[in-house]
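Report on the following structure.
The values are calculated or read from the model by the stated rules, or taken from the named source; none is laboratory data. The shown structure was predicted, so the numbers you read here are calculated from the model rather than taken from an experiment. Positions of Cβ are generated from backbone atoms using ideal geometry, with glycine treated the same way; all protein chains shown enter the neighbour counts. Heads up: the accessible areas ignore ligands, DNA and RNA and are worked out on the full protein's heavy atoms, side chains in. Shrake-Rupley method; radii C 1.70, N 1.55, O 1.52, S 1.80 Å.
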Amino acid sequence: MSPASSATSAVTIENLRVTFAGGAAPVRAVNNVSLRVTRGETVALIGESGSGKSVTLRSLLRLHPAKKTQMSGQIEVGGRDVMAMNASELAAFRGRVASMIFQEPLLALDPVYSVGDQIIESIQRHMKVSRSEAHARALKLFEQVRIPSPERRLAAYPHEMSGGMRQRVMIALALACEPELLLADEPTTALDATVQIQILLLLRELQSRLGLSIIFVTHDIGAAVEVADRIAVMYAGEIVEEADVRTLMRAPRHPYTQALLQSRAHGSLAKGTRLATIGGAPPDLANLPPGCAFAPRCVHVEPACREGSIAIAALGPTHQARCRRTHEIVWQHTAAAKA
Amino acid sequence: MILFILRRLLLAIPIMIGVAIVCFSLVHLAPGDPLVSVLPPDASADLQKQLRTLYGFDRSLPEQFFGWISRAVTGDLGTSIASSRSVTTEVMKAVKNTLILAAFATLIGFFFGSLFGFVAGYFRDTLVDKAASFISVMGVSVPHYWLGMVLVIIFSAQLGWLPATGMGAGGSAAWEWDWAHMKHLMLPAITMSVIPMGIISRTVRALVADILAQEFVVGLRAKGLRDFDVFRHVVKNVAPTALAVMGLQLGYLLGGSILIETVFAWPGTGFLLNSAIFQRDLPLLQGTILVLAIFFVLLNVLVDILQTTLDPRITRG
Ligand SMILES: Nc1ncnc2c1ncn2[C@@H]1O[C@H](COP(=O)(O)OP(=O)(O)OP(=O)(O)O)[C@@H](O)[C@H]1O
Ligand SMILES: [Mg+2]
């Protein structure tokens with residue numbers, strides 16, 4: 001076990017379920033997710049489009065529309081019970097203890113406020129400082145995320161910046177109040193490859209400097225390997241496999257993870273694309289099949305897979321998978337490498 | 001910024017020239033003899049001819065137009081046939097009165113329209129929304145002269161709280177910012193305000209609903225902002241468009257609602273136009289229309305400038 005895991009836990013999610021009502025049938029976007037993140041650790045959530053990664057992430061800040069969302073389970077961040085918070089506790093928690101980097105900063109920033117004002121607003125919301133102190137702090141943040149000519153950029157509006165600069169603004173905004181936990185929802189998907197790498201390196205550097213815990217959502221296994229300590233693979237609102245990066249890359253035990261890694265050999269997953277290496281589509285979350293949700297697409301499926309829910313099984317100290325046949329399935333690593 | 005304003009004003013000049021041509025032609029194309037109202041029925045052919053020359057109606061239309069327009073740019077719009085007073089003085093007096101009425105009505109309409117619009121947009125698809133929407137639909141669809149008469153019956157005839165007609169006590173036509181005059185302003189302004197109120201509230205409701213559905217609102221909540229702070233952001237996003245709609249509404253009301261000014265005997269442009277039309281007072285008619293059109297064009301420019309200043313996404317190209 002790494003020394004980090006013996007430290008106190010930064011995030012504990014137990015049996016989280018999120019269901020959206022309001023449509024024709026309730027959409028069960030997250031089904032019984034449990035996840036632990038220790039202090040200073042980075043966990044990557046990967047999975048196909050629609051597997052519930054963003055919903056899980058947003059649940060940590062309880063950002064779902066209250067009226068049509070049913071949430072159950074437990075969420076603790078830094079020892080605070082998020083599910084029990086009332087509106088004002090929640091507002092004090094968001095942005096201060098845990099903050100979010102959105103995937104598309106152009107949509108996630110207010111278009112009619114300058115980026116500087118938006119960061120200053122955040123700082124003044126949570127810290128008792130004057131406007132000029134907040135301004136100075138915003139300037140320092142811009143320097144930290146390496147925005148060139150930061151003073152001038154503070155006055156810019158989101159639409160006046162490039163995608164990479166906007167993403168840096170988003171990161172600066174998320175770090176503004178020195179949170180313990182950073183939730184990054186595909187922070188690099190909208191960017192081109194070179195900028196992607198810069199942002200990932202920046203995140204990693206900031207993390208080791210500030211000792212943050214990070215939950216990092218991505219489609220891109222390469223990005224996950226780059227920044228994460230551990231990877232959790234999601235399918236149809238469940239975590240189907242979870243392991244430290246090395247183990248998962250070398251010996252994945254869930255057929256879905258194996259398919260994902262295989263598809264990586266065919267180029268990284270683009271947003272919205274389906275897995276080319278396995279036929280079929282993810283199940284309809286409003287109409288989930290009994291048994292394993294992946295069964296209809298699985299090459300190792302047997303009749304028992306389609307009955308009853310499948311418990312997650314420990315395969316090693318840091319490795320677990322939700323599959324009946326993990327003991328029989330062995331990853332053909334060399335075969336995948338050749339493919 | 002100053003350059004931008006100058007450019008907008010320069011661009012408005014050709015529009016104003018076009019407006020002048022259209023308003024001149026319309027007035028002159030309409031059938032009827034402009035002198036009929038001042039001439040006694042038994043006037044001799046000689047007298048008719050004399051008057052015709054005096055007012056310049058004997059010359060060709062282009063000649064008349066250039067004469068009119070060249071005097072108009074110096075501020076002289078000719079003499080009213082009916083009252084033989086300067087058209088410029090008459091029109092300016094009426095414009096001032098209408099401006100008071102229209103501005104007041106727009107303010108009332110903007111206040112309540114925004115209020116209903118924000119509430120309806122915030123609590124979309126609830127009973128509150130339905131009620132607010134109902135009021136605003138009523139505002140747009142109720143015939144306002146009818147509403148005017150109902151208000152007069154209730155507040156003047158029955159309760160005796162507010163005067164029904166005129167602009168000041170004893171038929172005074174000089175405006176003062178005092179309570180006696182404000183009392184006269186109440187009923188026509190309230191009646192007039194239902195139009196902008198309805199339109200502004202529907203616009204604001206749609207804008208608010210649209211903005212609340214945007215991702216950046218989730219972003220604001222994720223920063224820990226409370227409802228009130230989020231509301232501030234929504235207002236700033238809605239403001240440019242809402243103010244633009246308000247400005248345009250003021251423009252429409254400036255044309256003076258003929259019906260409302262007639263019902264309440266408010267001596268504004270609507271009232272003036274009404275009498276100019278009935279008396280076929282051509283100089284007065286075309287002068288009034290021209291001044292109103294210019295006001296409308298200038299107001300549009302103003303709205304444009306305002307919107308550009310408020311919304312950073314619109315470039316000052
Ligand atoms: N507010 C909502 N109301 C109803 N359904 C929702 C809502 N938010 C998400 N969903 C549904 O929940 C499911 C999971 O969505 P989620 O955004 O978590 O997927 P994701 O794994 O983040 O996918 P992507 O990689 O495309 O971002 C989807 O089917 C989506 O349609
Ligand atoms: Mg997502």
>> If I model a spin label as a point 7 Å beyond the Cα along the Cα-Cβ vector, how far apart are those points for B:Leu302 and A:Val129 in nm?
In response: 4.3 nm
> Which residues of segment A:150-171 bury at least 20 Å² of accessible area once all protein chains are present, versus their chain alone (1.4 Å probe)?
Replying inline: A:Tyr157, A:His159
>> Run the simple label-point estimate for B:Gln158 and B:Val73 please: 7 Å along Cα→C-beta, distance reported in nm.
In response: 5.7 nm
> Roughly how many percent of the accessible protein surface of segment A:105-178 is carbon and sulfur, given a 1.4 Å probe and a whole-percent answer?
Replying inline: 54 percent
>> If I fit a long axis through the Cα atoms of helix A:163-175 and take the longest principal axis of the Cα atoms of chain A, what angle between them do I get, 0 to 90°, rounded to 10?
In response: 80 degrees
> Stretched out fully, how many nm does the piece from B:Leu61 to B:Lys236 gain, at 0.36 nm a residue minus the Cα gap?
Replying inline: 57.9 nm
>> Springs between alpha-carbon pairs under 10 angstrom, Gaussian network model over chain A: which of A:Ala156, A:Ala44, A:Ala236 fluctuates most?
In response: A:Ala156
>> Of all beta bridges DSSP finds with both residues in the protein assembly as shown, what is the antiparallel percent, to the nearest 5?
In response: 60 percent
>> If the elastic network links every pair of Cα atoms under 10 Å, which of A:Asn86, A:Asn15, A:Asn32 fluctuates the most in the Gaussian network model of chain A?
In response: A:Asn86
> How far is helix B:87-122 tilted, in degrees, relative to the longest principal axis of the Cα atoms in chain B, given as a value from 0 to 90 rounded to the nearest 10?
Replying inline: 20 degrees
> How long are the three semi-axes of the equivalent ellipsoid for the protein assembly as shown, computed from the Cα gyration tensor as the root of 5 times each eigenvalue, in whole Å, largest first?
Replying inline: 70, 26, 24
> Label point 7 Å out from A:Asn287 along Cα-to-Cβ: which residues of segment A:28-72 have amide N under 20 Å?
Replying inline: A:28-31, A:50-52
> Which of the residues in segment B:269-317 lose at least 30 Å² of accessible area when you go from the chain alone to all protein chains together (probe 1.4 Å)?
Replying inline: B:Pro312, B:Arg313
> Taking amide H positions as placed 1.01 Å from N in the peptide plane, with prolines and chain starts having none, which residues 5 or more places from A:Ile101, or on another chain, fall under 5 Å of its amide H?
Replying inline: A:Leu183, A:Ala184, A:Asp185
> If each of B:Met186 and B:Arg85 carries a label point 7 Å out from its Cα toward its Cβ, how far apart are those two points in nm?
Replying inline: 2.9 nm
> Excluding ligands, DNA and RNA, what is the solvent-accessible area per residue of segment A:105-178 at a probe of 1.4 Å, expressed in Å²?
Replying inline: 40 Å²
> How high is the FRET efficiency between B:Met16 and A:Glu205 when r is their beta carbon distance and R₀ equals 51 Å, given to the nearest 0.05?
Replying inline: 0.25
> How many square angstrom of accessible surface are buried between B and A, both sides summed, with a 1.4 Å probe and rounding to 100?
Replying inline: 2000 Å²
> For the pair B:Leu47 and B:Ala103, what calculated FRET efficiency results from E = 1/(1 + (r/R0)^6), where r is the Cβ-Cβ distance and R0 = 56 Å, to the nearest 0.05?
Replying inline: 0.80
>> Using a 1.4 angstrom probe on the protein heavy atoms only, could you order B:Val263, B:Val73 from most to least accessible area?
In response: B:Val73, B:Val263
> How much FRET efficiency would the formula 1/(1 + (r/R0)^6) give for B:Val137 and B:Asp227, where r is the Cβ-Cβ distance and R0 is 35 Å, rounded to 0.05?
Replying inline: 0.80
> Gaussian network model of chain B, Cα springs within a sub-10 Å range: biggest mean-square fluctuation belongs to which of B:Val301, B:Val140, B:Val217?
Replying inline: B:Val217
> Using only helices, what value at 222 nm comes out for the protein assembly as shown when you add -39,500 (n - 2.57) per DSSP H run of length 4 or more and divide by the total residues, to the nearest 500 deg cm²/dmol?
Replying inline: -16500 deg cm²/dmol
>> What is the angle, in °, between the Cα long axis of helix B:227-254 and the longest principal axis of the Cα atoms in chain B? Nearest 10 is fine, range 0 to 90.
In response: 10 degrees
>> How much length would be gained if the chain were fully extended between B:Leu26 and B:Thr165, taking 0.36 nm per residue of separation minus their Cα-Cα distance, in nm to one decimal?
In response: 46.9 nm
> For the protein assembly as shown, what number of Lys pairs, 8 or more residues apart or on separate chains, have alpha-carbon atoms under 18 Å from each other?
Replying inline: 5
> Over chain B, what percent of the accessible surface lies on carbon and sulfur atoms, probe 1.4 Å?
Replying inline: 70 percent
